[in-house]
Every structure is written in C-alpha cells, then in structure tokens.
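Novice: Mind having a look at this structure? Questions to follow.
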Amino acid sequence: MGLLSDPNRRRALINLLTRLNAPICVVCYMAGVAWFMGLAFEPFTLRTYMSENAMGSTMVEERFPSGERAVATGREFAAHKKKVSGMPVEWLVKTMQARGLEVYTQRFSRTLPFPDENKERYMVKGTNVYGILRAPRAPRTEALVLSAPCTPGDNNNQAVGLLLGLAQYFRNQIYWAKDIIFLVNDHDLIGMQAWLEGYHHTNTTGMDWSPLQGRGGSIQAALSLELSSDVVTSMDLVLEGLNGQLPNLDLANLFYAFCQKIGVLCTIQGKLQRNDWDSVSGYSHAVQTMMLMVMKQASGRPWGDHGLFLRYHIEAATIKGINSFRQYKTDATTIGRLLEGMYRKLNNLLERLHQSYFFYLMPSLSHFVSIGYYMPAFGLLAVILLLRALDLWVQLATPPPTTEDGIADIEQVRHAHSSSPGVLSVLTPLVISHLTGAALYMLPIRFQEMAVEHFPVSETEAVVLTAIAVYTLLTIIGTEQGWRVLKLVALLYLAVLLGCTALINFSLGFILALTLVPAAAFVTPHVPKVLSAFVLVILSPACTLLFSVFFFQELQEMPVSFLDGWLLYLSVISQGILDHFLYGSLVYPLIALLVYPCWLLFWNILFWK
Amino acid sequence: MSGLPGFLIDDRLHFPSCPSQGGQRFLVEMAAPLTLLLVLAVTIRAALFRSSLAELIAERVEVVSPITAWKRVVEGLALLDLGVSPYSGDVFHETPLIIYLFHFVVDYAEITFMLADVITAVALYMAVKDYNKQVFRKQKFALEADRYPLDCLELIRSPKEMYYIPLKVAMFYLLNPFTILSCVAKSTCGLNNAVVALFIFSTIKGNTLLSAIFLCLATYQSIYPLTLCAPAMLYLMQRQYIPVNFRRASFWWFIAQYLFMYLGSLFVLICLSFFLLGSWDYMPSVYGFILSVPDLTPNIGLFWYFFAEMFEHFRLFFLCVFQINVFFYTIPLSVKLKEHPVFLIFMQLAVISIFKSYPTVGDIALYMAFLPVWSHLYRFLRNTFLVSCVLLACSTLFPVLWHLWIYAGSANSNFYYAITLLFNVAQVGQPGRSQRRLLIESLTETPCSPLRKSQNEKSY
C-alpha cells in the first residue's frame, strides 16, 4: 500500500495512467487477446493427470464379452421402437426385469412455451424407464448412473442395446459398492430433467412428472451414452453442461486413461489429438479445439444429456461414438470394456470427485488450461474498463474541486453553479434501458401467447429490432459533466457484470468482453456519429451472437451461406429462450436483463446532447 | 475578513432552522421531502415484500445471521406457544424482549420492520439536524474569534450545504440497498439499528437518561454497543461543559451518574427478561452465542473461516483476541477523538460492524448513513475511487461465489472468504484510515502546518 498512501507517488502514478490511458488500453486489449490465443500453445498448457487417488491406476481387468449380443438387443429395441413409434416402455421393462434389475417408470409431460421448430415438439409426453442394480457389497448410500436417450428415428439404438448388455453383465459381478442405475430417457433433455427433478424431489421448471417409485443412493457420477452405429472409429467426450458448467477434470482424465489403455481412438470436440504442436497446423488445430470448447461453453446450453446432472453436483459427461471413414474400427465389445473399466474405477470412489479442476479449457484431450492461466486474459480486458473509469474520475474531479462518488453521489452544493449533474440525469437512462431490457425478456413469450402464429423466432427478432429502433429515438439531453458521470457508472457496471459472468462462465464473459470492452472504451458524444453508431451496432450483443454462429460453423468445418447462417441465428435465439424456460439456462436473462441495458447505456452516451 | 467566502459575511449566516426565524415555515419545507422519502422507501419495501424475491433474500447469509434470521424468530415463537423455552434446541438466539414483542405483533411483522426503518431514518435525521446546528454555532464563534487559519476556510461549511445533510443521511439509510435487503429479509438487525439510532438521537439532544436507557437496550440486544458508552459520555460532558479531566470531581460525578443510569436500566432489563421466561436460559443462548461464536455459517464477517480452520485447542485464545478487537479500539479512539464524540460514534459503529461476530449488511448500512455528515472532508479521502469500486464489486461477488461454492460445487470456501476479506479491508479503508486521520488534521483548530497544505491538494 506504500504506493497508494504516499500522495506524491500516487499522483505520479495517476498522471501516468491518465496521460497514457489510450495506449495502455490498446496494449491491454492486444495482450489479452494474445494471452488467450497463447493458451492453446502446448508448452504453455499442463498435461492432464489423475488427481483422485481412488482412481489412480487403470489396473482393472475388463472382461465384458457380449458386444455382439448388445448390438442384437439394440436391433430388437429398434424394431419395438418402430412398432409403437415411440418409447417401447413395456418391452424395456420386461427386458430389464429379465436382466435382474429393479425396474421403475416415470411419466412426465410438459408444454413448451412455444413450439420448438428444430425438434418439432410442443406438447411433450413421455416415459422414462430405469432399472436399479443394487450394490451387493455396501449399503445403498451411493449410486452411479448410466443413461442412454431414446431418440426418434434410427439413432441411438446401439446405445440402448449396449446399456442393456452392460446391465446384464454388471448384474453378475459381485464387486459393486454403489448402486448402478440404468436409465433410458425419453425426449432427451426434457426426460432427463423430469427424472432428475423426480430423483431429487425438486421442481424448478414447473414440469409435470409422476414421483419416482424407486431410488438408489446419492448419485456420485453419471455417464450418458450416444451410439448410433454397430462399429465406431472413435469415441468423443462431451463435457459442456448447463450454464457452461464443467464436470471435474478427473472424469475426462478417466476417460482418456481408459481409451489409452484399451486402444480406442478418443477425441474431444470431434478433434483428434495431434503431436506436432510446434508446427503451424498443429497449433491451429489446438486453437480450433479450444475455440470450439469456448463457443460451446459460452452458449450455456447442455451439449449432451449429461448437462443437467451438473446442476445437482453430480459429475457427468456424455460419451459419443463417431463413425467416420477411417479404416480402423472399434466394435461394441471394446466400447463395453471401456465403460466397464470406467464404472469399476468410479465404483472405487470414496468421496465425490473433487480433487481436480472444475474450471478449465481443453486444447486437446491430454492437455488443459486451468483457471489461473486463462483468467489473466480476461483480467487484461477488464482492466481497460477500470482504466477508462479512472480516467473519467480524474477528469470529473480535477476542473472544479468537486467529487462525484460512484455510490455516494455526493455533490457539493457550494459548487452547484459550475456543474453538478443531478442524480436524475444518470438515473433516467439507467431506468429506461433496464425497462427496455425487461421488455426484451418478457415480450417474446407474451407476444407469442397472444398471437397464435407459430413464428416465435421472427417475433423475437422483431422485438429486438423494435427495441433498438425505439431506443435510438430517445436521446437524453444533459450537460457535458452528465455524460461523464453516466459513462463512469456504465463502465463500472459493465466491469462488475463481466467479472461476475466470467467467474460463472468464463467463455461467455470473455466473448462478451471481447466485443463490449472496445465499444465501452471509445464511446463519447464527440466521436463521428454515423460511423460510431455503426461500430456500436457491430459490437452489440446481438451481432456478437451472429458472428459467433458463423464462427462456430467455420470451426466445425461446416461453413454456411449468409442466408442459412441467418436462419441458424434465429433458431439459436429461440433455442436460447427455450433453454431458459425448460432447463433454467441463464444466458438469455443475462443478456436481456443486464448486458443489453448496459450496451444501451453506451448507445445513449453516443447520442448525448 | 476580506478573504472570507460571501456566505460567511452574509446575513444568511444564521442557520435557517433557528426557531426564531420562521421555524414553522422551515418545518413545512423540510418535512415535505422527508415525508416523500419515507413514502418512497416504504413503497419499495412493501413491493419487495409482495414479490417472490423476499424468500430468496431471507435465505441469503449476507443479509441474515443466525441471531437475526426471521426464520429462527418464528421457530422461537412456535416453541414459546408450545410452552417450551424458546432457547431449548439451538435455533433461536434473539433476546427475550424481541420474542415477546413479536408474540404480540407477529401478524404485523412486515409493518414492524418497515416502521423500525422509518424510526431509524427519522431519528438520524433529527439527530444530524441538531448536530449540524451545533457545529455551525461553534464554527460561527470560532470565526468571530478569528481562530481559523486562512487556508482552512474552504473547509468551513455553508448553511446551504448543511441544509440538505440531514435529508441525505435519511436517504442514505432508507434507500441503501443493504437496508432494503435487510428489511425485506425481516432481519431483526433493523430493530437493533432503530434502537441505536434512538440512542444517538437522545444523546445529541442531550437527554442523559434516555441516552442511557437506549444504550442499555442496544447493549442488551447485542452486547457490542457497549463501546458507544464512551462517545456518549464524552458528548454529554461536552454539552454540559464538564471538562474531561481526571482530577475534577464533576467529571467523575457525571460518569458515576451515567453509569448508574446505564447499569440500573440494564439490571432492570435483565431481571425483566428473567421474569418473562422464568429462567436464565437466555444468557448462554444469546450472549454466550455472541461471544463464543459456535455457529460458523459463512457470513460477511471475519470469524467463520478462521475458526473453522483452526485447531480446537487454540480456539479460546483466538476467540479472546478477536473479541477484544471489537472493544479495544474504544480506548485509543476516545483519547484521540475526544473533541469529536459524534465522529467517534460513527467510528465505533463502523468498528463494531466490521469486527462483530455475526455481522450482516444491515449493520454496515447504519454507519454508511453517516457518511454525508462529513461530506466536506471527502476531498481528503484517499483512494475513494478504489475503495468504492472494491465495495461495489465485492457486494455483487458475494452471491456469485456463494452460488459457485454451494450450488455449482466448483469453487470452495476460500473463494468466498477471499471476497469477505477484501470487503472488510475496503470497509476499514473507507472510514478508518483516511477519514479519521483527516478529521483530526483538519478539524482540531490548530494552525495549519505546511505539511497539511500538501495534503490539501487533490487526491483521488
């Protein structure tokens, strides 16, 4: 604190910071972006290692023999599915009972706020079927879950087949210390949500479900299986869950370790690992993998059925079989052995997975970047806001000896004549922009309910555009001092908002910071209006989302035309709204209620008169 | 006198609230904004009580402590109704008077809490108004006697600027988000604040008996206001022109009087509680609970993490150290600030709210309300910007890190405690470091030293 308590030195520091404010900000921005890009460079990342003692080695003998039978069961399941055109509940119950499980079903129904066009569903009714294998070796206080979704069409039949095959095999083993729950969930995430709410006796989203008749112990870990072909070339691990939450890194390590042991090709984000990190293409491969993870995490959606488990403190991941044109194939027996190995290790757990990291990014399956490494990238961006705020503070404080306190808002009445913007001039834009944000949050659903037209996306879009259009007409007349105070408040607001977002969901915070920070830094009423208005629109949250959609497609090596991209963009918005109402994803309310009003404040400053 | 600002030579030098000068008109003028403010504050609270947020807020550890939580009061009431001692079981820790108060008004709890806030605000308003009148009178005398050095003139306060200070104080209390949260959560902290505010009001009005009684009530509620004894006595002595001199009999006589009233009413209260409940159960359950800190639920204070991590055999020692911390600052502060007892009250409130065993945001709100009283000294504050940014950021980070720790399970207690620490450091930084020092430097009516001049210059 020596630097801060010595008035002379502090003044020198502040002088330096105000004089060189713009260059320092530019340097910080560059450094932040460079730091972030550097994260994917392999020498800067850490190798993954297993932290949990109970899962320390992969010394397990996997003996799962009946892959062929599992595939046959899958075919039988597919036939029954086709016959009843939906979940073959009776067949599943019978089959599970035949394998010696305690079988229960759960019905659920849910009406979506508006029809989901992607999955073509509105009134959803379904049944989950699950069987519990009781632990022979220990009291039934803990449980593991293996789930497979029952999806319409020809997908995922093999996953259900393998699940049933594993159930039969596991039933004959004596070493289980935890209950194992085999769950086949209907209507993917909605069914999963119903089952989890039923299991934990909560109801957060207002869904109707029948209470569960049977329960195991508290769930320690869960894997969700997606498998659509008899043989696969590689197994893909999906980690991103609801609101960008990730499972403990040890779960990823476990998967990686067993893939290595059994000799299965494993990928993350569908990208194989490469060894040539020192070449340009190797580096860009790592960047792509990491950026895909960042984009997926930022979306706040659950990217697999495991995504909802994380909310209940359960470490979970989705394992996906990918069948591509490679020569080397893995059969169902090997996948079964992989899962057997993982479950035996999870069975050894003495406490919940907590040893390893919860905040990480993965540029490849064997390397990770922990929170201590990636936070500085965000910090460098956030510090720009603070520097600009400091600059404004100094400007506000120097000419007349009045001080304007961020929270206190004390104005010295003695200097009232010189300049002291009332609280009102700051409060009015704040209130108006938040009301606009609230309108943005409420209107899409309300409009939809009133108008029977089933085009929620265009409704949403109309609301966004009208909100902007309405707002641009409003310009607040104020003094020179007034916009400075408003900008100071807006800068601090944005800094706190982004900081909190980055703590909960780093990727979202970082992406928002990338676009909003420059906008916040340059806006004053004295810059050329038309050009800056254009730039500000480009940097708005809505446009950020549009760019992200294109960028994501580009990363997945599936580039789209502009029109397709636009349609995708609209469907992404409607998905975001649905995710909020169905599963409680927080991205949509965050953007509508906080980020968008904050952006409006800067818009307001630009058109200050 | 040529260098004096205009208003000092002006006729308006007389404080406008002097009853001789159209006091009636003034009363109407000032009462209107205050009433408006009260209506606004009550509306906000009533709206929040009706919303779904109320339940959420009532669960927040930052807002309610094990002592002040409304849920626990309800539990105590239920036990009382069943004819069981409310202190059996380890849930209820409020004082017997509170439970008997709510025994009668439990159906009107929301109104009670809003009323408590209103009483606090009005008491603070009147107290500060009275205090300002005195400051102004003193300043006038000093000016006439030419005791101010010239370069201190900018610190002299104009009537116009002081005119709004009481209103600002009331506003700072009523519209402070911390107070609103605390009221909506029905934290009994609001009632404690009301008692303390009434104590300050009666002290500043110079009523020795009422001052002692309210102080005793505040002490009875949470022990820590005990330290306010010193500033109260200092202030009352100053008002009655009794010199603070250990060799004077009048000094000792006054102290004896005050302590007699204070201890007498404390005795009455304690006996009353005993007769209400018919047992001494409440002593260990209330005061033992405050002093020995058995409940380590995380809060915004410094105790929980420290004592959760500590080996059991060090516990008693550090408990003493931590508790003495609250009381100890009274001595140096009263020596240093004996000329400014009201500022001393403010400092003591801040110290209590930082170092007490179960602090909540409601405690912070009480001392924050006093900030406008010394607004003319803000220019001497160092790092105001930094400190207010840190306070702001910390207040928003509390719920975020709590979520990450308790619900998401991805962060842990260290994250939360780090923010707690930062929050408290900022709080210490706010009034403690800068204001005290500057007040001493600027208000003790000694000629300005060259050293002070350099500090007069702007600091951010």
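The values are calculated or read from the model by the stated rules, or taken from the named source; none is laboratory data. Note that the coordinates shown come from a computational prediction; the quantities given were computed from them, not determined experimentally. Cβ: placed from backbone, ideal geometry, glycine included. Neighbour counts: every protein chain shown. All accessible areas refer to the heavy atoms of the entire protein, side chains included, with ligands and DNA or RNA removed. Shrake-Rupley method; radii C 1.70, N 1.55, O 1.52, S 1.80 Å.
Novice: Averaging sequence separations of C-alpha pairs under 8 Å and six or more residues apart, then dividing by the length of region B:35-119, give the relative contact order as a whole percent.
Specialist: Details: 45 pairs, mean separation 20.5, N = 85.
That works out to 24 percent.
Novice: Not counting the cut sites, what is the longest span of chain A without GluC sites (Glu not before Pro) that DSSP labels loop and that have at most 11 other Cβ atoms within 10 Å?
Specialist: Working: sites that count: A:GLU61, A:GLU120, A:GLU351, A:GLU453, A:GLU557.
My reading of the result: A:121-350 is the longest stretch.
Novice: Name the residues of region A:500-545, by number, that are at least 50 Å² less accessible with every protein chain in place than in the isolated chain; the surface is that of heavy atoms, probe 1.4 Å, without ligands or nucleic acids.
Specialist: A:CYS500, A:LEU503, A:ILE504
Novice: Tell me: how much accessible area in total is hidden between A and B, 1.4 Å probe, Å², nearest 100? Spell out each step's value before the answer.
Specialist: Numbers: alone 26220 and 21580 Å², together 44370 Å².
It comes to approximately 3400 Å² buried between A and B.
Novice: For a quick check of your reading of the filter: which trypsin sites (Lys or Arg not before Pro) in region B:183-271 sit in a DSSP loop and have no more than 16 other Cβ atoms within 10 Å? If you can, show how the numbers build up before the last one.
Specialist: On the way: sites: B:LYS186, B:LYS205, B:ARG239, B:ARG247, B:ARG248; in loops: B:LYS186, B:ARG247, B:ARG248.
Passing both the DSSP loop test and the Cβ count: B:ARG247, B:ARG248.
Novice: Could you do me a favour and compute the accessible area per residue for region B:62-193, 1.4 Å probe, result in Å²?
Specialist: Numbers: 5040 Å² over 132 residues.
Counting only protein heavy atoms, the per-residue value for region B:62-193 is 38 Å².
Novice: Considering only protein heavy atoms and a 1.4 Å probe, what is the carbon-and-sulfur percentage of the accessible area of the protein assembly as shown? Mind showing how you got there, number by number?
Specialist: Details: 29070 of 44370 Å².
That fraction is 66 percent.
Novice: Per DSSP helix of 4 or more residues, -39500 (n - 2.57); summed, then divided by the residues of the protein assembly as shown. What does that give at 222 nm, rounded to the nearest 500? Mind showing how you got there, number by number?
Specialist: Working: 42 runs with 610 residues, N = 1069.
Value at 222 nm, helices only: -18500 deg cm²/dmol.
Novice: Leaving out ligands and nucleic acids, and using a 1.4 Å probe, what accessible area per residue does chain A come to in Å²? It would help to have the intermediate numbers written out before the result.
Specialist: Numbers: 24480 Å² over 609 residues.
Per-residue accessible area for chain A comes out at 40 Å².
Novice: Could you give the length gained by full extension between A:SER281 and A:ASN348, i.e. 0.36 nm per residue of separation minus their alpha carbon distance, to one decimal place? Write down the numbers at each step before the final one.
Specialist: Numbers: separation 67, 0.36 × 67 = 24.12 nm, distance 4.05 nm.
That works out to 20.1 nm of additional length.
Novice: Right, something else. Isolated Cys in chain A by the 4.7 Å beta carbon test?
Specialist: A:CYS25, A:CYS28, A:CYS150, A:CYS500, A:CYS543, A:CYS598
Novice: Check each residue of region A:297-341 and keep those whose accessible area, probe 1.4 Å, is at least 40 Å² smaller with all protein chains in place than in the chain alone; give them in order of residue number.
Specialist: Residues of region A:297-341 that lose at least 40 Å² of accessible area once the other chains are added: A:HIS313.
Novice: Normalised by the number of residues in chain A, what is the relative contact order in percent for Cα pairs under 8 Å and 6+ residues apart? Please report the intermediate quantities before stating the final value.
Specialist: Numbers: 1035 pairs, mean separation 104.1, N = 609.
Taking the mean separation of contacting Cα pairs over the length of chain A, I get 17 percent.
Novice: Considering only DSSP beta bridges with both partners in chain A, what is the antiparallel share in %, to the nearest 5?
Specialist: Working: 30 of 54 bridges.
Expressed as a percentage, antiparallel bridges in chain A total about 55.
Novice: While we're here: Could you pull out the chymotrypsin sites (Phe, Trp or Tyr not before Pro) across region B:266-325 that fall in loop regions by DSSP (anything but H, G, I, E, B) with no more than 15 other Cβ atoms inside 10 Å? Please list the in-between numbers first.
Specialist: Numbers: sites: B:PHE267, B:PHE274, B:PHE275, B:TRP280, B:TYR282, B:TYR287, B:PHE289, B:PHE303, B:TRP304, B:TYR305, B:PHE306, B:PHE307, B:PHE311, B:PHE314, B:PHE317, B:PHE318, B:PHE322; in loops: B:TRP280, B:PHE311.
Qualifying residues, ordered by number: B:TRP280, B:PHE311.
Novice: Expected output is a single nm value to one decimal: the length gained when fully extending between A:ILE538 and A:VAL33, i.e. 0.36 nm times separation in residues minus the C-alpha distance. What is it? Kindly include the intermediate steps, with their values, before the conclusion.
Specialist: Values: separation 505, 0.36 × 505 = 181.80 nm, distance 1.87 nm.
Stretched out fully, the A:ILE538 to A:VAL33 stretch lengthens by 179.9 nm.
Novice: What is the antiparallel percent of DSSP beta bridges lying wholly in the protein assembly as shown, to the nearest 5? Spell out each step's value before the answer.
Specialist: On the way: 30 of 54 bridges.
The answer is about 55 percent antiparallel.
Novice: On to the next question. For A:PHE41 and A:GLN260, what is the calculated FRET efficiency with R₀ set at 25 Å and r taken between the beta-carbons, to the nearest 0.05?
Specialist: 0.60
Novice: Now, a different point. Can you tell me how much longer the chain between B:ALA47 and B:PHE314 gets when fully stretched, taken as 0.36 nm per residue apart minus their C-alpha distance, in nm with one decimal?
Specialist: Numbers: separation 267, 0.36 × 267 = 96.12 nm, distance 4.76 nm.
Value of the extension gain: 91.4 nm.
Novice: Between B:TYR108 and A:ILE174, what's the calculated FRET efficiency when r is the beta-carbon distance and R0 is 45 Å? Round to 0.05. Write out the running numbers ahead of the final one.
Specialist: Working: r = 64 Å, r/R0 = 1.43.
Efficiency, from the Cβ-Cβ distance: 0.10.
Novice: Out of region A:202-273, which trypsin sites (Lys or Arg not before Pro) are coil in DSSP terms and have no more than 15 other C-beta atoms within 10 Å? Let's see the in-between values first.
Specialist: On the way: sites: A:ARG215, A:LYS261, A:LYS271; in loops: A:ARG215.
Counting only loop positions with at most 15 other Cβ atoms within 10 Å, none of the trypsin sites (Lys or Arg not before Pro) in region A:202-273 qualifies.
Novice: Each residue of region A:128-143 in turn: what ³J(HN,Hα) in whole Hz from Karplus with 6.51, -1.76, 1.60 and θ = phi - 60°, glycine and Pro shown as x?
Specialist: In residue order, the calculated couplings are 9, 10, 9, x, 10, 9, 6, 6, x, 9, 8, x, 7, 9, 10, 9 Hz.
Novice: Applying the Karplus parametrisation 6.51 cos²θ - 1.76 cosθ + 1.60 with θ = phi - 60° to the phi angles of region B:113-125, what ³J(HN,Hα) value in whole Hz is obtained for each residue in order, glycine and proline being reported as x?
Specialist: 5, 5, 4, 4, 5, 5, 4, 4, 5, 5, 4, 5, 4
Novice: Taking H placed 1.01 Å from N in the peptide plane, check which residues at least 5 places from A:ARG121 or on another chain put their amide H under 5 Å from its amide H.
Specialist: Under 5 Å from the amide H of A:ARG121 lie the amide H atoms of A:ASP116, each far enough along the sequence or on another chain.
Novice: Taking the Cβ of A:ASN248 as the centre, find all other residues whose Cβ is under 13 Å away and add up their charges (Lys, Arg: +1; Asp, Glu: -1). Don't skip to the answer; put the middle values down first.
Specialist: Values: positive: A:ARG352; negative: A:GLU52, A:ASP250, A:GLU315, A:GLU351.
Every neighbour counted, the sum reads -3.
Novice: Here is a further query. Apply 1/(1 + (r/R0)^6) to the Cβ-Cβ distance of A:GLU61 and A:THR141, taking R0 = 25 Å, and write down the FRET efficiency to the nearest 0.05.
Specialist: Numbers: r = 27 Å, r/R0 = 1.07.
Between A:GLU61 and A:THR141 the formula returns 0.40.
Novice: Another question, if that's okay. Tally Lys/Arg at +1 and Asp/Glu at -1 over every other residue whose Cβ is under 11 Å from the Cβ of A:PHE358; what's the total?
Specialist: Taking every Cβ under 11 Å from that of A:PHE358, the sum is -2.
Novice: List the residues whose amide H sits under 5 Å from the amide H of A:ALA222, counting only those 5 or more places along or on another chain, with H placed 1.01 Å from N in the peptide plane.
Specialist: A:VAL145, A:GLU315, A:ALA316, A:ALA317
Novice: Determine ³J(HN,Hα), in whole Hz, for all residues of region A:343-351 in sequence, where each value follows from phi through the Karplus function 6.51 cos²θ - 1.76 cosθ + 1.60 and θ = phi - 60°; x replaces Gly and Pro.
Specialist: So the Karplus estimates, Gly and Pro as x, are 5, 5, 5, 5, 4, 7, 4, 9, 9 Hz.
Novice: Which net charge results for the neighbourhood of A:ASP179, defined as the other residues with beta-carbon distances under 10 angstrom from its beta-carbon, given Lys and Arg at +1 and Asp and Glu at -1?
Specialist: Details: positive: A:ARG134, A:ARG140, A:LYS178, A:ARG215; negative: A:GLU102, A:GLU142.
Once positives and negatives cancel, what remains is +2.
Novice: OK, next. Search the structure for amide H atoms under 5 Å from the amide H of A:ASN323, placed 1.01 Å from N in the peptide plane, and list their residues when 5 or more places away or on another chain.
Specialist: For A:ASN323, whose amide H was placed from the backbone, the distant partners under 5 Å are A:THR233.
Novice: How far apart, in nanometres, would the label points at B:GLU339 and B:ALA142 be if each is projected 7 angstrom from Cα along the Cα-to-Cβ direction?
Specialist: 0.7
Novice: In nm, to one decimal, how far is the B:MET283 label point from the A:PHE325 one, both placed 7 Å along Cα→Cβ?
Specialist: Between B:MET283 and A:PHE325, the simple spin-label model gives 8.9 nm.
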